[in-house]
1. Quick one: how many residues across segment B:107-131 are open to solvent by less than 20 Å² (accessible area, probe 1.4 Å) and within 11 Å of another protein chain (Cβ to nearest Cβ)?
2. In this structure, does residue B:3 turn out to be surrounded by 19 or more Cβ atoms within 10 Å (Cβ to Cβ) and either farther than 28 Å from residue B:117 by Cβ or within 8 Å of DNA strand C (Cβ to nearest atom) (or both)?
3. Which of (1) assigned to a helix (DSSP H, G or I); (2) of a type in the set (S, T, N, Q); (3) under 26 Å from the mean Cα position of the chain (by Cα) does residue B:278 not meet, given it meets every other one?
4. Here is a list: A:99, A:104, A:82. Which entry is acidic (Asp, Glu), in contact with a helix residue (DSSP H, G or I) (Cβ under 9 Å, 6 or more places away or on another chain), more than 11 Å from DNA strand D (Cβ to nearest atom) and more than 9 Å from chain B (Cβ to nearest Cβ)?
5. Of all residues in segment A:195-214, how many are free of Cβ contacts under 8 Å to residues at least 12 places away in the same chain and buried (at least 18 other Cβ atoms within 10 Å of the Cβ)?
6. So which residues in segment A:1-21 are of a type outside the set (Val, Ile, Thr), in contact (Cβ under 8 Å) with a residue 24 or more places away in the chain and either near DNA strand D (Cβ under 6 Å from one of its atoms) or not in a helix (DSSP H, G or I) (or both)?
7. Those residues that are open to solvent by 50 Å² or more (accessible area, probe 1.4 Å), more than 8 Å from DNA strand C (Cβ to nearest atom) and within 14 Å of chain A (Cβ to nearest Cβ), I need them from segment B:7-56; list them, please.
8. Would you check which residues across segment A:87-136 are at negative phi and hydroxyl-bearing (Ser, Thr, Tyr) and list them?
Number of protein chains: 2
Amino acid sequence: MATMRDVARRAGVSAKTVSRVFNHDPHVSVVTKERVETALRELNYVPSTLSTTFRSGRAPVIGVAVPDIADPFFGALAKAVEAVAAVHGMSVVMTSLGEDPTREPAIVQSLLRQSLSGLVIAPIAGDQSYLDAWVARTRLVFVDRRASGIVADSFTEDDHAGAQLATRHLVEHGHVRIGFLGDSTAIPTSRGRLVGYRAALLDAAIDYDESLVVLGALDRRSAAAAFAALERLEEPPTAIFASNARVTMSLVPVLRGHGHLALAGFGDFPMADMLDPSVTVIDQDPAALGTLAAQRILDRLAHPRRRYRRHTVLPVELVERASCLSTG
Amino acid sequence: MATMRDVARRAGVSAKTVSRVFNHDPHVSVVTKERVETALRELNYVPSTLSTTFRSGRAPVIGVAVPDIADPFFGALAKAVEAVAAVHGMSVVMTSLGEDPTREPAIVQSLLRQSLSGLVIAPIAGDQSYLDAWVARTRLVFVDRRASGIVADSFTEDDHAGAQLATRHLVEHGHVRIGFLGDSTAIPTSRGRLVGYRAALLDAAIDYDESLVVLGALDRRSAAAAFAALERLEEPPTAIFASNARVTMSLVPVLRGHGHLALAGFGDFPMADMLDPSVTVIDQDPAALGTLAAQRILDRLAHPRRRYRRHTVLPVELVERASCLSTG
DNA sequence: GCCCGCTGTGTCACCGGTGACATGAAATGT
DNA sequence: ACATTTCATGTCACCGGTGACACAGCGGGC
């Protein structure tokens, strides 16, 4: 691929002059300009971002680190980040953090070595103090979950209010024994949702029964096992609150086999309205998270000393469908 | 962030020596090595990939350009690419090409300016000759759809056989009037599936009726419109073949309202087995496409002059569920 | 005629890790 | 004891676009 010096040689000028022509610097004579433009065209010059990136020490790239890029929630989030980045001539590097919190630091740091302009991260580990050294260099924005161990911007959704809303909704449909099915309380979002669930019970003066809280529902098999644990209770639940979309989806086939319990889940998912019964959910807006996060990175790049709101919590809303109507 | 020269100054050696220690070059005395290692630790040195990338002219990055990264199919594909790349210390830049084929060249070229090690692309345009200049520099691998206008590796799925299989399946369930609902025949995959559909009809000695082929079913609304066009026919279809998962999903609510037609779709999707009726589909393997594509890029990087099979077509299989049983 | 400013263009250095090569000292071989 | 190899370490240049600065030539104002 032709470099600027190649073009310069062909046009009989210095590389700097080519640079000027390429960047529409007015201080170039018309004759020179035309000669250079011809050479540019003839050599099919395409500038490499490498040198500018190297010189500036900052790649025109925004990183996105999420638990799983194939998850529709994070897919939508990433897509939104990319849309914002593209408008500003930036690219997006993506990485899946997976399930193992201990691997998070290594994965994220190998991303950061690329001198990203910013990083949007939905962490899986309980502590991000390993990012301490990077806070000054890279604009870090947390989404879905707040940072812990460091101070960084965050855009999250109202886990507490959403879970409270969904649980209250089940209570209003006459349920008293409401199970909480989740993945792991190591994840802050799940913790927040559990707290919201408890708050709704408290509001309704329903005693909190720890045996109704079952974790580890990661896929259909483990969801079945978790559900079985609830069924074995002396007083099994008549309704279930699923702490995220993955749990809800894993639960659908399980509930199908075991009579109809009421179900409400945190997080909408494709086809939720087409299932029988259609699933009542708390609707999140991953695209909004992504857009805001990307925007914040660009804002901070453009205005390094401006001050911003540290934590933004987006409201969520209940999408009422049929699954909360049925009773065991 | 500390550079090698910073470390060198602190340890009282040259930058090169630091480089040697960092890369475990045995030609360093134990004393020096320890002094350097201390300095490395004290300054918390993390190498920047920027300089090496610049010098080598090749970023340790694989690009992934797909129509929509939020689509579960491409999400799974991207995830697989990333998994392979991560093992080799590489990152993945992703970009959505969107819907407008005319924007593809600009989007892809802005990716390529980053001197990627390779690019995995599922194109939306009908012609990739704009990539001509890049073939020599960047390892291009096409997935899901072949390249047109240039010679490049491809990994695709057997659109023809899959569509033929699904259509034959519907025929075997007694259907003669089978509608074909698709997005656009500008997309090569859709074209291939249409051909497969026609082949199955031919096999069964069923006349091909062009009015049974309706395109433009991109979302629920347009799918409804497309379906309405079929319903208006004098002899409406009793079964429908949907040319991709997005069409199938858009069609689910539409069919719900209009009596039960048999349905088979190309491409599985989450919850397809939980719908009522569960949807018979042709199962694709996006992760396999992603893995193979990434692997090919790494292979070509490692063995530049080795020869490879240009085009690989992966088999697909029918997942029989309930939707093909019901009859209008 | 001199200074000033403006214009068009060129030169140089820089960003940071590392390959190619050099250098001086110690170790080994004869 | 001297030649030769090995070893530890250093110096330099490079990758490519561009900011800082230089400089020659020219026109205008005094």
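The values are calculated or read from the model by the stated rules, or taken from the named source; none is laboratory data. In this text, all values refer to a predicted model and were calculated from it rather than measured experimentally. Note that we place each Cβ from the backbone using ideal geometry, even for glycine, and neighbour counts take in every protein chain shown. Remember, those area values only see protein heavy atoms, side chains included, never the ligands or the DNA or RNA. Shrake-Rupley method; radii C 1.70, N 1.55, O 1.52, S 1.80 Å.
1. Total meeting the criteria: 4.
2. Against the criterion (surrounded by 19 or more Cβ atoms within 10 Å (Cβ to Cβ) and either farther than 28 Å from residue B:117 by Cβ or within 8 Å of DNA strand C (Cβ to nearest atom) (or both)), residue B:3 does not qualify.
3. Evaluating residue B:278 over (1) assigned to a helix (DSSP H, G or I); (2) of a type in the set (S, T, N, Q); (3) under 26 Å from the mean Cα position of the chain (by Cα) leaves (1) as the failure.
4. Details: A:99 fails: in contact with a helix residue (DSSP H, G or I) (Cβ under 9 Å, 6 or more places away or on another chain); A:82 fails: more than 9 Å from chain B (Cβ to nearest Cβ).
Just a single option satisfies the conditions, and that option is A:104.
5. Within segment A:195-214, residues that are free of Cβ contacts under 8 Å to residues at least 12 places away in the same chain and buried (at least 18 other Cβ atoms within 10 Å of the Cβ) number 1.
6. A:1, A:2, A:4 - these are the residues of segment A:1-21 that are of a type outside the set (Val, Ile, Thr), in contact (Cβ under 8 Å) with a residue 24 or more places away in the chain and either near DNA strand D (Cβ under 6 Å from one of its atoms) or not in a helix (DSSP H, G or I) (or both).
7. Hits for segment B:7-56 are B:41, B:42, B:43, B:44, B:56.
8. A:91, A:95, A:96, A:102, A:110, A:117, A:129, A:130
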